[in-house]
Amino acid sequence: MERLDDEAQWIVLMGFIVSIGIFFLAIIISQSTIVGQTTSEAVLEFPKTEIQDVRSEVIGLAKAWEVTANAGELAKRAAVLEDLRVLAMARKNAVLTVSVDPVTLADDPFNESRITIHFNNGVTEYDEFHKEYIEK
Amino acid sequence: MVGDDAQLYTIEGVAAGMIMLLTAYLVLNTTSVFTPGDVHIPDMQLEQTVSDALAMMDTPAVNGGRSDLARFVQNATGSGRADFHNALMATYLRSTTGPPIQAPVNDLQYEAQIYYRQSATGSVQNMTFTRSAANGGREYLAREPAVRVTRWVSYDPALPHTLGLPWDNREQALLLEVMVWRG
Amino acid sequence: MTLRQRYADEAVSESIGFIIIFGLVVTGIALVSLYGYPMLLKQQISSDERTMEQTMLILQNDMKLLSYSNVPYKDTSLRVSGGGLNVFNTTDSQQSFTIRYWNETGGYTETLVFRPGELRYTSSAGNAVISLENGAILKRQQDATGSIMIAEPRWFYDATTQTYVIFLLGIQADRPMALSGIGNIQMSRIIEPTVISWDYAVPRNVSVRYTADPQNDYSLAWENYFTGSGILAGGLTPLGTEYDLANISKFVLKAYVIRIEHI
């Protein structure tokens with residue numbers, strides 16, 4: 001047996017310290033995997049482009065629709081809005097109701113089209129009341 | 001003669017090494033998490049790209065004009081098909097800033113359907129608008145991960161349109177659905 | 001007077017010193033294996049379960065893409081550790097959903113019984129059971145009666161239009177399948193969903209009942225979902241074993257079938 005030097009315990013101590021360090025790092029790593037995995041699915045779920053799309057479609061319709069009391073014309077317009085409702089439920093699983101109501105503004109170079117959009121797909125609910133001004 | 005100095009150091013060194021190895025082994029075993037948590041990120045990017053392409057196609061060049069997409073749909077049984085293909089694949093999905101390059105989107109394949117409501121029955125019907133396989137692309141065969149992008153398009157019977165359109169000849173809103181995959 | 005004592009080290013034995021230090025090292029190792037190892041094992045079990053919860057979330061998202069986004073195929077690679085993942089066909093599932101709604105054309109109350117099928121993970125080292133059933137992720141302990149819902153399905157009630165929308169997600173598997181370890185799950189949804197859609201002239205009631213599998217009871221989780229604010233603020237009204245929602249003008253039910261082709 002050689003001479004015993006009590007400074008040698010540093011080696012074992014370092015072993016312990018490094019091990020404990022690895023252990024704690026491992027706990028942190030295992031916690032961190034929870035974060036970050038829901039980002040892409042949240043983006044996939046959030047119907048941003050769908051709402052933008054509906055909005056641009058409806059405003060496009062409103063621009064083309066002038067004030068009228070013609071029953072046939074009103075029925076045609078109702079059919080278009082019904083298309084939106086039925087197709088949104090059938091293909092996008094979303095409740096979509098839209099109304100477009102053109103109003104004549106006196107003493108104004110513009111007419112007003114009052115648009116309401118209601119969209120709900122169970123994750124996101126979106127309601128908008130928008131006034132689109134259309135040149136007479 | 002074998003030097004017998006520092007035997008104790010050696011034993012302790014071996015013990016320390018074993019402790020570290022054991023911990024590293026246990027730790028790797030317990031916390032190696034195999035989570036395909038990011039699998040939806042490419043889907044998300046693809047969806048956004050195609051949705052942007054359709055939005056650009058649906059934007060009229062001048063305020064109040066008809067968009068390219070609306071024109072393609074008016075001609076859905078004729079020239080609209082090839083026009084849509086060229087616009088989507090050649091113009092919009094390959095547009096980059098700077099000088100034109102062969103952007104790595106050549107492997108994108110698509111299948112476009114138009115959904116419409118028949119007012120007589122109230123039922124939802126669809127027609128195949130066009131697909132990349134009909135324009136020199138590949139069929140959807142190998143279970144590639146696909147995404148689906150939709151865009152509303154208005155149809156106006158008063159404007160020029162091709163014959164044989166399956167939907168009612170009235171002003172209406174159609175839903176264009178494009179399934180896209182890398183294949 | 002000062003007493004100066006000389007430190008005598010003649011009696012110190014190097015052997016005893018070695019034994020003491022070696023003993024300390026052995027005690028250290030023993031302590032690590034006695035306390036550290038079980039702790040790590042426990043950590044491993046809970047990390048396996050957590051990994052599985054996440055994997056189930058991924059699968060739920062894939063199913064959402066298959067059903068709501070109309071994507072035909074979805075393949076996902078996954079790792080199942082510390083237990084096994086089993087696929088139960090719709091016809092094999094003991095649990096069921098009974099939905100009663102008014103048939104507007106027929107003028108009577110119709111009853112629909114739906115068996116959802118299941119993707120079930122059973123921990124072998126721990127005692128957790130995690131299931132993907134009808135679009136929801138559920139978890140329970142094998143030795144306890146309670147259960148929780150980790151992720152909810154997408155049923156909803158739109159108050160503005162008084163529309164009640166129910167999505168049913170069935171899992172179809174041609175043969176019993178199980179997975180332990182790293183594998184690939186192949187899913188497809190080629191069949192169009194069965195759609196029931198009614199516009200009611202007079203507002204009607206729709207009621208839902210969950211019949212649990214006695215071996216794998218998730219009734220508490222579903223009860224909490226029905227009575228919680230997942231579908232609408234305030235939840236459905238419990239009536240006996242049923243959960244009722246009144247004043248519905250439009251009722252839409254979509255039943256999707258997702259085929260697990262291979263796992």
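Remarks
- The number of residues in the stretch B:44-66 that are under 16 Å from B:T150 (Cα atoms) and either among the aliphatic types (A, V, I, L, M) or crowded, with 19+ Cβ neighbours inside 10 Å (or both) comes to 11.
- Filter pass, C:Q215 being under 28 Å from C:M52 (Cβ atoms), surrounded by fewer than 16 Cβ atoms within 10 Å (Cβ to Cβ) and at pLDDT 90 or above: no
- Residue satisfying all of: in the stretch A:1-36; exposed (fewer than 13 other Cβ atoms within 10 Å of the Cβ) and within 46 Å of the chain's Cα centre (by Cα); modelled with the highest pLDDT among these: A:G21
- One residue from B:E111, B:E177 being under 17 Å from B:T49 (Cα atoms), more than 14 Å from chain A (Cβ to nearest Cβ), assigned to a strand (DSSP E or B) and in contact with a Ser or Thr (Cβ under 9 Å, 6 or more places away or on another chain): B:E111
- Single residue of A:V100, A:V58, A:V67 found to be more than 8 Å from chain B (Cβ to nearest Cβ), assigned to a strand (DSSP E or B) and either touching a strand residue (DSSP E or B) at 6+ places or on another chain (Cβ under 9 Å) or not acidic (D, E) (or both): A:V100
- For the stretch A:114-124, the candidate set comprises residues that are within 13 Å of chain C (Cβ to nearest Cβ) and assigned to a strand (DSSP E or B); within that set, the residue that is farthest from C:L253 (Cα to Cα) is A:T116.
- Some residue of the stretch C:10-24 being more than 14 Å from every other protein chain (Cβ to nearest Cβ) and either over 30 Å from B:R182 (Cα atoms) or surrounded by fewer than 18 Cβ atoms within 10 Å (Cβ to Cβ) (or both): yes
- Residue, modelled with the lowest pLDDT, within the stretch B:102-121, restricted to residues that are over 14 Å from B:L165 (Cβ atoms) and among the β-branched types (V, I, T): B:V105
- Within the set B:E12, B:E47, the sole residue that is at the interface with another protein chain (Cβ under 10 Å from one of its Cβ atoms), at pLDDT 75 or above and within 26 Å of the chain's Cα centre (by Cα) turns out to be B:E47.
- Every residue from the stretch C:124-149 that is buried (at least 22 other Cβ atoms within 10 Å of the Cβ) and either of a type in the set (D, E, K, R) or outside any strand (DSSP E or B) (or both): C:E133, C:N134, C:G135
- Qualifying residue in the stretch A:38-61 (condition: touching a Ser or Thr at 6+ places or on another chain (Cβ under 9 Å) and of a type in the set (G, A, S)): yes
- Of the strands (runs of 3 or more DSSP E) entirely within the stretch C:150-248, those holding at least 2 residues that are on the phi < 0 side of the Ramachandran plot and of a type in the set (A, V, I, L, M) occupy C:163-172, C:177-188, C:194-211.
- Looking only at residues of the stretch C:65-86 that are out of contact with any Leu (no Cβ under 6 Å at 6 or more places or on another chain) and of a type in the set (A, V, I, L, M, F, W, C), we find that the one that is modelled with the highest pLDDT is C:L66.
Conditions tested, residue by residue: (1) surrounded by 14 or more Cβ atoms within 10 Å (Cβ to Cβ); (2) facing another protein chain (nearest Cβ under 8 Å).
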{"site": "A:E82", "(1), (2)": "yes, yes"}
{"site": "A:E112", "(1), (2)": "yes, no"}
{"site": "A:Y126", "(1), (2)": "yes, no"}
{"site": "A:F129", "(1), (2)": "no, no"}
{"site": "A:E132", "(1), (2)": "yes, no"}
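- Filter result (modelled with pLDDT of 90 or more and small (G, A, S)) within the stretch C:136-172: C:A136, C:S147, C:G170
- Test: residue in the stretch C:139-161 that is touching a residue at least 40 places away in the same chain (Cβ under 8 Å), of a type in the set (V, I, T), within 24 Å of A:F119 (Cβ to Cβ) and within 14 Å of chain A (Cβ to nearest Cβ): yes
- Residues being touching a residue at least 24 places away in the same chain (Cβ under 8 Å) and either within 19 Å of C:T109 (Cα to Cα) or among the acidic types (D, E) (or both) - total across the stretch C:216-235: 1
- Apart from one condition, B:A158 fits all of (1) farther than 19 Å from B:R71 by Cα; (2) loosely packed, with under 12 Cβ neighbours inside 10 Å; (3) within 11 Å of chain A (Cβ to nearest Cβ); the exception is (1).
- A search for C-beta distances below 8 Å between a residue of the stretch A:115-136 that is on the phi > 0 side of the Ramachandran plot and any residue that is β-branched (V, I, T), counting only pairs 6+ apart in sequence or on different chains, returns A:G122/C:V165.
- Looking across C:D48, C:D62, C:D92, C:D75, one residue alone is within 9 Å of chain B (Cβ to nearest Cβ), among the acidic types (D, E) and closer than 26 Å to C:V195 by Cβ. It is C:D62.
- All of C:T111, C:T51 fail the test of being surrounded by fewer than 14 Cβ atoms within 10 Å (Cβ to Cβ) and touching a strand residue (DSSP E or B) at 6+ places or on another chain (Cβ under 8 Å), apart from C:T111.
- Here C:T241 meets each of (1) exposed (fewer than 15 other Cβ atoms within 10 Å of the Cβ); (2) within 21 Å of C:F88 (Cα to Cα); (3) in contact with a Ser or Thr (Cβ under 9 Å, 6 or more places away or on another chain); (4) not aromatic (F, W, Y) with one exception, condition (2).
The values are calculated or read from the model by the stated rules, or taken from the named source; none is laboratory data. None of these values were measured; they are calculated from a predicted model. Note that each Cβ is placed from the backbone with ideal geometry, even for glycine, and that neighbours are counted across all protein chains shown.
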